[in-house]
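Remarks on the structure that follows.
The values are calculated or read from the model by the stated rules, or taken from the named source; none is laboratory data. Here the structure is a predicted model, which is why all the values come from computation and not from measurement. All Cβ positions, glycine included, derive from the backbone under ideal geometry; neighbour counts span all protein chains shown. These area figures cover heavy atoms from the full protein model, side chains too; ligands, DNA and RNA do not enter into them. Shrake-Rupley method; radii C 1.70, N 1.55, O 1.52, S 1.80 Å.
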Protein chains: 2
Amino acid sequence: MSDELAQQVTTIAQQARAASYALATAPTAQKNAALEHLATLLPAASERLIAANKLDLDAAEANGLTAAQIDRLTLTPERLDHLAESVRQVAALPDPVGAALETTTRPNGLVIEKRRVPIGVIGIIYEARPNVTIDCAILCLKSGNAAILRGGKEIFHTNTAFAALLAEALAAADLPAEAIQLIPTTDRAALNTLLKLDELIHCIIPRGGEGLIRFVAQNSTIPVIKHYTGVCCIYLDKAADPTLASAITVNAKTQRPGVCNAAEQLLVHADVAATLLPQVASALIEAGVELVADGRAAAILSTANLPHGIASDEDLRAEFLALKMAVRIVDSVDDAIAQINRDSSGHSESIITTDAATAARFQAAVDSSAVFWNASTRFNDGFEFGFGAEIGISTDRLHARGPMGLPELCSYKYVVTGTGQTRG
Amino acid sequence: MSDELAQQVTTIAQQARAASYALATAPTAQKNAALEHLATLLPAASERLIAANKLDLDAAEANGLTAAQIDRLTLTPERLDHLAESVRQVAALPDPVGAALETTTRPNGLVIEKRRVPIGVIGIIYEARPNVTIDCAILCLKSGNAAILRGGKEIFHTNTAFAALLAEALAAADLPAEAIQLIPTTDRAALNTLLKLDELIHCIIPRGGEGLIRFVAQNSTIPVIKHYTGVCCIYLDKAADPTLASAITVNAKTQRPGVCNAAEQLLVHADVAATLLPQVASALIEAGVELVADGRAAAILSTANLPHGIASDEDLRAEFLALKMAVRIVDSVDDAIAQINRDSSGHSESIITTDAATAARFQAAVDSSAVFWNASTRFNDGFEFGFGAEIGISTDRLHARGPMGLPELCSYKYVVTGTGQTRG
């Protein structure tokens, strides 16, 4: 790559770091003023934004993107209103910065406050959804972090128009415009430079397909918080309530099959499978789900005259993101736990049972970001958890796990007050 | 490297992952039983351990290590007793695993518990201090994590003897011996394999010199929690109490100059420097400290006839780890903040002032893991903070910042209890 491009990316990161100091101590009212201004600008600038978006849509059509892909790229006045509303919602959320998380007084009189502070500079690497630009920018701003945005080439013109608006909103609130910057190229070389700037950027959050996330994780010297998608499991225990079992399984599988907290795998206890599986399978089939079964499950489905395929080894750890589900029989809750810990992606799992001890065992031993008892995996979500906003659902274990809201975009520091203490 | 070696390292990691599931739900009493057994074994096995240690000491002598280096490698019966005592102390600490960090009930009735859980499998990469083997192993065990230890070649025989003891202690408590494993080679190729096993190992903690930590950070696809050393600053405000200023600066600089929370840089407010700097400088010089000064500080020290050198640009961001300190004059607290945020390593800083508003401004704006007011930087330490144990002091912002005790070796998961909730 050209030295000039590398220098340009480095300068952006240096400016972001400088802006991050101002943002870290900016009062809540000032950050909210920028957000409120942005909420006003979004509909006001709709003509400009939609004109920029049209350049991306024309290119998308020329490049043969599918209608569904093009729809995801498209801005409309309604979608801009919806974005403005989400900006106002983030403005209304409590400011996570500055909270005293714990305060202790030591025997020598030192008062130690663990105080929540912004992380610093956050890089967001994403693909083609224009709302990610605004969502991530406003969450970083509210949590006092400078943001560097690097979106996909499919929405480059849209993002450039958004970036101008974001700078305008920041300036209107007397905050540095460099607090939110867009990398002004989608050149892969610029991304490679960015991912090595570990002295200036403190955290990278990739949003998009698994390929993008793996590329970022493998090429970054900056810590990456990964948001992989989910291979989520439902386990129907021998003490499952059949009505709950059907309702929850159908909801977790079909309510929105293309998202990470949708269920992909169904495990049924052998003792009750002969009656419970046909009942739940009928409900799934009625909801349009294609079933692929292991040997024992297939035998039960065949006896019940229910249509099904045979699950391949890949099916038994697949993320279908579609109306398809793999079914297997397990011999005990511990067997279910072992198979889930081996084959799931550690995202969201649920046990359906009336037996509290079995549920407790399952919830303790299943190593996933959220483990549900008698509820749908679809609830593993920042809004459903009451966070008010989320930047994604972390599949990592370090820093943040599961839904990431504003507090999860923060670090902490120790603020220690003494009266002259020295160490002996 | 040979495929065989790569396979061997992978097998160790697979066994560690399997053991981590058992450890994650192991009762406190069982983990403590292993620790108590280890505390008994350490002195009981002292002959074996000291014999193994002698092999390392002989090699160290043959390789021309310095007396100080050899001393750090050396095990004695007294040091083993001391290690056993630290094992007992960790056994006595509260178990961090399983605590409910927050519990909320949602409007739909879902009860969401954020529960502290072990991270999983932790890799510790370190150099030549044999106590690190035991310290890290017991902290991982108590926090329910499986540990993979990779120590330096200088203590390979000692570590091998320790590893056998650790396995014995685990087995005595009916815990899997694979919960704590030593990589049985110091071949760099084995380390490179280890650092890529991101499906099996969840966190790497490198302990040692900056070169080792950088190597690990740059070659790992596993998240790394870095423990770099510190360029720590003391700022003497215009409202500093002169007696406190001298006492704290001398303590922070000289009480143990070779450690990461020792002070390296002294900043003095211009308004009071003419009288305050000579006073503090005299105390430092009396304590054996060599001063290197910027232009303005040098002029004041010259006028006061106090010996000093001229600080180079490198000196003004140096970690001396010795009885040497750089001195500069600043024009305001904001000037001090800007210089500290630019030149420190973000580890530990202190302001000396009687002005509460200035202290608050400094503590809010300085971006370091611990920011002290009227106290020595030497207190940035897990034991001094009351954590009871520490695995190190993180210079990262993600996951853990500052002293890392047992809770910081944990992640969390959401345990959600419902009554049949589905998502609409």
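Worth pointing out:
- The range B:22-70 versus the range B:313-340: alpha-carbon centroid distance in Å: 40
- Across the range A:255-267, rounded Karplus estimates of 3J(HN,Hα) from the backbone phi angles (6.51 cos²θ - 1.76 cosθ + 1.60, θ = phi - 60°) give 5, 7, x, x, 10, 5, 9, 6, 7, 10, 10, 10, 10 Hz, Gly and Pro being marked x.
- Calculated on C-alpha atoms, the gyration radius of the range B:1-63 divided by its Kirkwood radius gives an Rg/Rh of 1.15.
- From the C-alpha gyration tensor of the range A:295-424, square roots of 5λ in Å: 41, 17, 14
- Take the accessible area of B alone and of A alone, subtract that of the pair with a 1.4 Å probe, and the total buried over both chains is about 5900 Å².
- Distance histogram for the range B:177-262 (every C-alpha pair counted, 10 angstrom bins, percent rounded to whole numbers): 14, 32, 20, 17, 12, 5
- Normalised Debye scattering of the range A:232-379 at q = 0.09, 0.14, 0.20 Å⁻¹ gives log10 I(q)/I(0) of -0.21, -0.53, -1.21, counting only Cα atoms as equal scatterers and leaving out solvent.
- Inter-label distance, B:ASP335 to A:GLU102: 3.9 nm, where each label sits 7 Å from its Cα along the C-beta direction.
- The alpha carbon gyration tensor of the range B:148-198 gives principal lengths a ≥ b ≥ c with a/c of 1.5 or higher and a/b no greater than b/c, which makes the shape oblate.
- For chain B, the relative contact order comes to 18 percent (Cα pairs under 8 Å, sequence separation of at least 6).
- Net length gained if the chain between A:LEU321 and A:ILE70 were fully extended (0.36 nm per residue, minus Cα distance): 88.4 nm
- Here the protein assembly as shown is treated as a sphere whose radius is the Kirkwood value from Cα pairs; by Stokes-Einstein at 4 °C and 1.567 mPa s it diffuses with a coefficient of 45 µm²/s.
- Radius 14 Å from Cβ of A:GLY295, net charge of other residues (Lys, Arg +1; Asp, Glu -1): -2
- Cα coordinate range in chain B, projected on the principal axes (Å, largest first): 71, 70, 39
- The heavy atoms of B:ARG79 present about 90 square angstrom of accessible area, all protein chains included, probe 1.4 Å.
- For A:VAL330, the residues whose modelled amide H falls within less than 5 Å of its own, excluding neighbours fewer than 5 places apart on the same chain, are A:VAL268, A:HIS269, A:ALA270.
- Amide H within-cut-off set for B:ALA240, under 5 Å, with H built and near neighbours excluded: B:THR354
- Too-long pairs where the Cα-Cα distance tops 27 Å, listed order kept, from B:LYS114/B:LYS142; A:LYS114/B:LYS31; A:LYS142/A:LYS226: A:LYS114/B:LYS31
- Scoring B:154-162, B:267-275 by mean Cβ neighbours within 10 Å over their residues and listing the highest first yields B:154-162, B:267-275.
- Here the gap between B:GLN218 and B:SER2, fully extended at 0.36 nm per residue and compared with their Cα-Cα distance, gives a gain of 75.5 nm.
- DSSP beta bridge pairing in the protein assembly as shown, given as percent antiparallel to the nearest 5: 25
- Residue-wise HN-Hα coupling along the range B:269-282, computed from phi with Karplus coefficients 6.51, -1.76, 1.60 (Hz; x: Gly, Pro): 5, 4, 5, 10, 4, 4, 9, 6, 4, x, 5, 5, 4, 4
- If you take all other residues with their beta carbon under 11 Å from the beta carbon of B:LEU101, and give Lys and Arg +1 and Asp and Glu -1, the sum is +2.
- Remark: mean inter-chain Cβ contacts per residue of B:110-120 equal 4, using a 10 Å Cβ-Cβ cutoff to other protein chain atoms.
- Peptide A:375-387 is shielded by partner chain Cβ atoms: per residue, an average of 5 of them sit within 10 Å of its Cβ.
- Principal-axis tilt of helix B:77-92 within chain B, Cα atoms, nearest 10 degrees: 80
- Convex hull (Cα only) mean projected area of the range B:272-350, reported in nm² to one decimal: 5.2
- DSSP beta bridges fully contained in chain B are about 30 percent antiparallel.
- Under-5 Å amide H pairs with B:VAL224, H placed in peptide plane, nonlocal only: B:ILE204
- Dividing the helix sum by the residues of the protein assembly as shown, where each DSSP H run of 4 or more adds -39500 (n - 2.57), gives a mean residue ellipticity at 222 nm of -14000 deg cm²/dmol.
- Mean-square fluctuations from a GNM of chain B, with a 10 angstrom spring cutoff on Cα atoms, peak among B:ILE222, B:ILE248, B:ILE310 at B:ILE310.
- When a 1.4 Å probe is rolled over the protein heavy atoms, the share of accessible surface on the protein assembly as shown that falls to carbon and sulfur comes to 53 percent.
- Accessible area per residue, Å², the protein assembly as shown with all protein chains present, probe 1.4 Å: 37
- Of the whole protein surface, B:CYS140 contributes about 0 Å² of accessible area at a 1.4 Å probe radius.
- Residues along the range A:8-25 losing 10 Å² or more of accessible surface when the other protein chains are present rather than the chain by itself (probe 1.4 Å): A:ARG17, A:TYR21, A:THR25
- In sequence order, calculated HN-Hα J values of the range B:23-33 (Karplus, 6.51, -1.76, 1.60; Hz; x Gly/Pro): 5, 5, 10, 5, x, 3, 4, 5, 5, 5, 4
- Relative protection proxy for A:399-405, B:28-34, from highest mean packing down: A:399-405, B:28-34 (other beta-carbon atoms within 10 angstrom).
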